[in-house]
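Shown next, in C-alpha cells, is the structure this report addresses.
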C-alpha cells in the first residue's frame, strides 16, 4: 500500500506543505522557488550561487533564472567577494530581508499546523529520523551503491 511507502509519504507531505506555503507567499508577489531562496539567504547571507543552489536543492540553470528575477525585483544583489574578486556573493537587499521575514512567518504557521497535537519528543525523533534518511540518501558509498 502506498500509504506505507516512505517515498510516497514524503512526496505527499512535501506537496501539501508546499501548497500551503505557496498560498501564503503568493500574496506578497513571490514566484515558485523564491521563498526557499529568501529563507536560505536569511540564514546564509553573502553566499556563492553554487552554495545557494546546493542549499536550496536547485540546479545551476534554475538558480540562475531565479536570481535574475529576484535581482530585478530588488530582493537580492550580487557583490564581489572582498578576498577573491573572481567570486560573486549573493546577498539580500532590505526588501529581500522583509520578504524573508514574511516567508519565515508563513512557514512557521504551516509547521505549527503540521505539528498540531504531536508531542515534543515525537517531533524531535521525527526530525532526527528525517535527517538520518537524508544522510542515507546522500551517501554515495551506501550498500546499494556497491
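Things worth noting here:
- Helix 60-72 and the long axis of the chain differ in direction by around 50°, with both axes built from C-alpha atoms.
- Calculated on alpha-carbon atoms, Rg and Dmax of the chain in Å: 17.6, 55
- Pairwise FRET efficiency - residue 134 versus residue 83, Cβ, R0 = 35 Å, nearest 0.05: 0.65
- Taking other Cβ atoms within 10 Å as a rough exposure proxy, 25, 37 sort from fewest to most as 25, 37.
- Rel. contact order, % - alpha carbon contacts under 8 angstrom, at least six apart, the stretch 40-110: 32
- Residue with peak Gaussian network fluctuation, the chain [Cα springs, cutoff 10 Å], from 17, 61, 88: 61
- The distance linking the stretch 103-142 with the stretch 4-25 is 12 Å (Cα centroid to Cα centroid, whole angstrom).
- Length-normalised contact order for the stretch 2-139 - Cα pairs under 8 Å, 6+ apart - percent: 23
- Residues 12, 86, ranked from the fewest to the most other C-beta atoms within 10 Å, line up as 86, 12.
- Ranking of 60, 98 by count of other Cβ atoms within 10 Å, fewest first: 60, 98
- Ellipticity at 222 nm from helices only: DSSP H runs of n ≥ 4 in the chain, each -39500 (n - 2.57), divided by the residue count, give -21000 deg cm²/dmol.
Coordinate-derived values only; no laboratory data. As the structure is a computational prediction, the values presented were derived from the model and not from experiment. Reconstructed Cβ throughout: ideal geometry from the backbone, glycine too, with neighbour counts over all protein chains shown.
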